[in-house]
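Heads up: the structure comes next, in structure tokens.
The values are calculated or read from the model by the stated rules, or taken from the named source; none is laboratory data. Treat the numbers as computed from the prediction; the structure is a model and nothing was measured. All Cβ positions, glycine included, derive from the backbone under ideal geometry; neighbour counts span all protein chains shown. Surface areas here come from the heavy atoms of the whole protein model, side chains and all, with no ligands, DNA or RNA. Shrake-Rupley method; radii C 1.70, N 1.55, O 1.52, S 1.80 Å.
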Amino acid sequence: MARITASVYTSHVPAIGAALDLGKSGEPYWQKVFSGYEFSKQWLRDNTPDVIFLVYNDHANAFSLEMIPTFAIGCAAEFAIADEGWGPRPVPAVHGHPELAAHIAQSVIQDDFDLTIVNKMPVDHGLTVPLSLMCGQPASDKFEWPCPVIPFAVNVVQYPVPSGRRCYNLGRAIRKAVASFDAPLKVQVWGTGGMSHQLQGPRAGLINREFDQAFLDQLIADPEALSRKPHIDYVREAGSEGIELVMWLIARGAMSDGFPRVAHRFYHVPASNTAVGHLILENAK
Amino acid sequence: MALEKPYQDIPGTTIFDAEQSRLGYHLNQFCMSLMQAANRARFKADERAYLDQWPMTEEQKQAVLARDLNRCIASGGNIYFLAKIGATDGKSFQQMAGSMTGMSEEEYRDMMISGGRSIEGNRRVGEDGDAQAHRQPQGRAGHRGGG
Amino acid sequence: MAKIVGGINVTHVPYIGRAIANKTQQDPYWKPFFDGFPPVHDWLAKQKADVAVVIYNDHGLNFFLDQMPTFAVGAAPEYQNADEGWGIPTLPPYPGELDLSWHLIESLVEEEFDIVTCQEMLVDHAFTLPLELLWPNQHPCPVRTVPVCINTVQFPLPTAARCFKFGQAIGRAIESWDSAARVVVIGTGGLSHQLEGQRAGFINKEFDLMFMDKLITDPLWVTRYSIPDLVELTGTQGVELLNWLTTRGALLGEVAKVHANYHVPISNTASGLLAMENV
Amino acid sequence: MNGGKQKRVIPGTTLFDGDMARKGYALNKMCFSFNSAENRAEFLRDKEAYCDKYGLNPQQRAAVLSLQVLDMLAAGGNAYYLAKLGGIFGLDMQDIGAQQTGVTKEEFKAKLVAAGRN
């Protein structure tokens, strides 16, 4: 049977992708951001899973306003890199895991989660920046990500967006689905986006360290209580785009009950407009 | 009918809700078209002519031409969509965000490096934080104008 | 607040479009089907509905397999019908009801339904033909509409129990809509039929009649069946009865039968018609 | 609950699940294109070229060119999409039903009528 071994949480700022792609990662400004991921890259090399289930939000790339799914699961064998308006990032295409994705879809839809099944979806920085941060830039002679990735897109752009509670419970349903997959796969669930940031209007640039640190503490210690935080608290305290943090609750809900091991924790302000938060939680072996 | 909007009392913040999405539909779809290099080239060659191909309001077109993102947002634009305009212009998210606050790129960058905009005074309309309406525009440009 | 005046479930088959276009409603083949409608027309005339929420499944017109929503709600000012490839006439556009669309969307997400919001949406025969059958030759359609799509095409499908709860949430949303509108809920599709494979032509009259009866008296009865059970009992396309069940869910509380008709076959399908109102 | 692997077997019936949807993606996508009259005409002008344009595999291609519905189903086709292909040749669902069940259209129709009587 498959099992979830660990969960990874990280911001997915587009400027991080640009810094990597343009070779700016050595600059002092960016060094401070990337230093928080040195541990993580080694950790991922030591703990490479068979599949990553990567929760992110699309930023007006795969989905236009014609059709906005609340939750979309990528069931394809391959996902192209989106041209977000400045050309596609020069990173490898993402290989999916259609069997596990279809199995998870089957299981969580039976558990009353109304997923949109997606067989074609270009993936944007929301997905590729976390991969870059955790895997580094793939070598040109082995231009691929270390394992298959199931993209899972959450609508946090057009209101109404799903509640933290709904996301947390979805994570639990995903845990159950993975546990019933009949192959000995090690699966990691990644939750991306956040932390506090606001990109728009006169309040742009908002950062709330206190909120972010408390969120990280509670995510580790009492996610059940954290899942009851209402939307308005995210928006007011963590900025209009801080709402992306509900996606972390999906990854946290997918972890086993009881305390996880905190393998790594990092927080830094700023990367571009955003407070960068990063956690690695491991399930007991 | 009016939907419940508990978020309306947050200063300097527009939530992309049903009403905004309805209002900004064509503006945002126009932005989406800029994901294709050919469309970006056509837009750059003649912005007005390209905008006229979309059933946008005149206010939306003017806001785009002026690159006034606050006006774009007020008329239904969403920042992730509007970012395509910035991308077409070769601007970063940070430059775009700076433009909405009346701050220069440098001022905005410095604000971020020193920990970002404080939440204090910026939670609710009527407090005295720097994002409140009575303190716009921010930055040096604003101070010069306010003299 | 808006009022739900009742619900109507009705079969959708592309072939019906041709019968209407060719005016062959009174031919012996079609008569038993079309004769079911006049009592429902009379009832509708009395109910004076302003708005119809139409619960149906798309057949590869608006949605392709690249992105297949479990539940999708339309939020467009107008819904166009379009060429579906099988040669039935295209019908004029249908007026939308944006306020109710967005109110539904808000309410459904609030109630933890993970819907897809569509600000553009083509509507296929499963939407147009039932409206044509209920309001014949009236263009534009005299009611404003909100399309709600359920995936009955690509497995996994939502369970029957989930659909019933979805319907109840739709009902609560309509009733909390701040409007004086009178709303009719329309479910389309079914009943038993199977279009493909060696079992094509499969019909299960006994089950259909039981289902129609239980929908009035004990709608949760059908939730005892899994989706594969329903395929086995009603055919691969018979699972469209999920649209009927959702519609029944939207009529919160007890209902009484206004009128029913059942006839086999229309094309490959057991056709059903069931109008219900709250008691 | 769903172990995922064991699938319900219903004789003469294919559940259009994720496996089938992946297998039949190109075939169904081609059929989806038949919503446009222009595409239907292009298909009729050169069926083989049209199949190639949509990247059909040899099994799908052979099934389409010989118009064998059961073969198309086996190759991942979905009934609603295949119906659009049938429409091009003026075939209705009863023609398609008859072909799949190995009877004449009249026999197929008679079977349906009988199903309403019992």
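Hey, what's chain C come to in accessible area per residue, 1.4 Å probe, Å²?
Working: 8230 Å² over 279 residues.
Per residue, chain C has 30 Å² of solvent-accessible surface.
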Quick check: from the Cα gyration tensor, does chain B come out rounded (a/c under 1.5), prolate or oblate? oblate
Peptide D:99-108: average number of partner chain Cβ atoms within 10 Å per residue? 2
Grab the Cα-Cα distance for residue A:42 and residue A:285, subtract it from 0.36 nm times how many residues apart they are, and report the gain in nm with one decimal. 85.6 nm
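Accessible area of chain B with a 1.4 Å probe: how many percent of it is carbon plus sulfur? Don't jump to the answer; show the numbers that get you there.
Numbers: 3380 of 6720 Å².
Solvent-exposed carbon and sulfur of chain B make up 50 percent of the total.
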Roughly what would the spin-label model give for residue B:133 and residue A:182, points 7 Å off Cα along C-beta, in nm? 6.3 nm
Residue D:37 paired with residue C:224, simple spin-label distance in nm, labels 7 Å along Cα-to-beta-carbon: 5.2 nm
Taking accessible area as the heavy-atom solvent-accessible surface of the protein chains with a 1.4 Å probe, which residues of the stretch B:9-34 lose no less than 30 Å² upon going from the isolated chain to the full protein assembly? B:10, B:12, B:13, B:15, B:16, B:18, B:21, B:22, B:25, B:29, B:32
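Please give the average number of partner chain Cβ atoms lying within 10 Å of the Cβ of each residue in B:37-43, rounded to a whole number.
For peptide B:37-43, the averaged partner shielding equals 1.
Which order do C:1, A:121, C:210, D:20 take when ranked by solvent-accessible area (1.4 Å probe, heavy atoms of all protein chains), largest first? List each step's numbers first, then the result.
Working: C:1 140, A:121 5, C:210 80, D:20 30 Å².
If we order C:1, A:121, C:210, D:20 from most to least accessible, we get C:1, C:210, D:20, A:121.
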Using a cut-off of 10 Å between beta-carbons, work out the net charge of the residues near residue C:235 (Lys and Arg +1, Asp and Glu -1, residue C:235 not included). -2
For residues of B:79-89, the mean tally of beta carbons on other chains within 10 Å: 6
What percent antiparallel are the DSSP beta bridges of the stretch A:3-282, to the nearest 5? 45 percent
Relative packing of A:10-19, B:100-109, which averages over residues the other C-beta atoms within 10 Å, highest first: A:10-19, B:100-109
Given the whole protein assembly as supplied and a 1.4 Å probe, what does the accessible area of residue C:27 come to in Å², nearest 10? 70 Å²
Going by amide H atoms built from the backbone, whose H comes under 5 Å of the H on residue C:266, apart from near neighbours? C:271
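If you add up the charges near residue C:61, with Lys and Arg at +1 and Asp and Glu at -1, over every other residue whose beta carbon is less than 15 angstrom from its beta carbon, what do you get? List each step's numbers first, then the result.
Numbers: positive: D:29, D:40, D:84; negative: A:66, C:58, C:66, C:83, C:84, C:120, C:124.
Net of charged neighbours comes to -4.
Shape of chain D from its Cα gyration tensor (a ≥ b ≥ c, root eigenvalues): rounded if a/c is under 1.5, otherwise prolate when a/b > b/c, or oblate?
On the way: a/c = 2.25, a/b = 1.16, b/c = 1.94.
It is oblate, given that a/c is not under 1.5 and a/b is not larger than b/c.
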Describe numerically, in nm with one decimal, the distance between label points set 7 Å from Cα along Cα→Cβ at residue B:48 and at residue C:256. 6.8 nm
Give me the net charge for the shell around residue C:71: Cβ to Cβ below 10 angstrom, other residues only, Lys and Arg +1, Asp and Glu -1. -1
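Which order do A:48, C:11 take when ranked by solvent-accessible area (1.4 Å probe, heavy atoms of all protein chains), largest first? Walk me through the intermediate numbers first.
Values: A:48 55, C:11 0 Å².
The residues order as A:48, C:11, largest area first.
Could you state the accessible area per residue of chain A in Å², with a 1.4 Å probe and every protein chain left in place? Present the calculation step by step, with values, prior to reporting the outcome.
On the way: 8320 Å² over 285 residues.
Solvent-accessible surface per residue comes out at 29 Å².
Just check the stretch A:124-257 against the gyration tensor rule for me: Cα atoms, a ≥ b ≥ c as the square roots of the eigenvalues, rounded for a/c under 1.5, and otherwise prolate or oblate depending on whether a/b exceeds b/c. Don't skip to the end; give the middle numbers.
Details: a/c = 2.06, a/b = 1.27, b/c = 1.62.
Oblate.
Using a 1.4 angstrom probe on heavy atoms only, work out the carbon and sulfur share of the accessible area of the stretch C:3-278 in %. Provide the component values of the computation, followed by the final result.
Working: 3950 of 7960 Å².
Carbon and sulfur: 50 percent of the exposed surface of the stretch C:3-278.
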Eligible lysines near residue D:23 by straight Cα distance, threshold 23 Å, same-chain separation 8 or greater: A:120, D:5, D:7, D:47, D:53, D:84
List the lysines whose Cα sits under 23 Å from the Cα of residue C:205, skipping any in the same chain fewer than 8 residues away. C:31, C:214, C:257, D:105, D:109, D:111
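Considering only DSSP beta bridges with both partners in chain C, what is the antiparallel share in %, to the nearest 5? Write out the running numbers ahead of the final one.
Values: 18 of 42 bridges.
Taking every DSSP beta bridge within chain C, about 45 percent pair in antiparallel fashion.
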Go through the stretch B:103-114 residue by residue and turn each phi into a ³J(HN,Hα) via Karplus (6.51, -1.76, 1.60, θ = phi - 60°); whole Hz please, and just put x for glycine and proline. 9, 6, 4, 5, 4, 5, 4, 5, 4, 5, 5, 8
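Could you run the numbers on buried accessible area between C and D, total for both chains, 1.4 angstrom probe, in Å² to the nearest 100?
On the way: alone 11560 and 7770 Å², together 15700 Å².
Interface between C and D: roughly 3600 Å².
Pop the C-beta distance of residue A:214 and residue D:47 into the FRET formula with R0 = 41 Å and round what comes out to the nearest 0.05.
Values: r = 64 Å, r/R0 = 1.56.
In this case the efficiency is close to 0.05.
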Sequence-distant residues sharing a close amide H with residue A:181 (under 5 Å, placed H): A:2
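Computed FRET efficiency, Cβ-Cβ of residue C:45 and residue C:180, R0 30 Å: what is it to the nearest 0.05?
Working: r = 19 Å, r/R0 = 0.64.
Here the calculated transfer efficiency is 0.95.
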Ignoring ligands, DNA and RNA, how do B:31, A:135 rank by accessible area with a 1.4 Å probe, largest first? A:135, B:31
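What 222 nm value per residue comes from the helices of chain C, counting each DSSP H run with n ≥ 4 as -39,500 (n - 2.57) and dividing by all residues, nearest 500 deg cm²/dmol?
Details: 9 runs with 92 residues, N = 279.
Dividing the helical sum by the residues of chain C leaves -10000 deg cm²/dmol.
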What ³J(HN,Hα) values, in whole Hz, does the Karplus curve 6.51 cos²θ - 1.76 cosθ + 1.60 give for the stretch C:63-79 when θ = phi - 60°, with x put for Gly and Pro? 9, 10, 5, 5, 9, 10, x, 5, 10, 10, 10, x, 9, 10, x, 7, 10
Residues of the stretch D:67-93 buried by at least 30 Å² on assembly (accessible area, 1.4 Å probe, chain alone as reference): D:70, D:79, D:80, D:81, D:84, D:92, D:93
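Would you calculate a helix-derived [θ] at 222 nm for chain A, using -39,500 (n - 2.57) for each DSSP H run of n ≥ 4 and dividing by the full residue count, to the nearest 500?
Numbers: 10 runs with 97 residues, N = 285.
Dividing the helical sum by the residues of chain A leaves -10000 deg cm²/dmol.
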List the lysines whose Cα lies under 16 Å from the Cα of residue B:44, skipping any in the same chain that are fewer than 8 positions away. B:61, B:84, B:91
Under Karplus coefficients 6.51, -1.76 and 1.60, residue-wise ³J(HN,Hα) of the stretch B:61-67 in Hz, glycine/proline x: 5, 4, 4, 5, 4, 7, 6
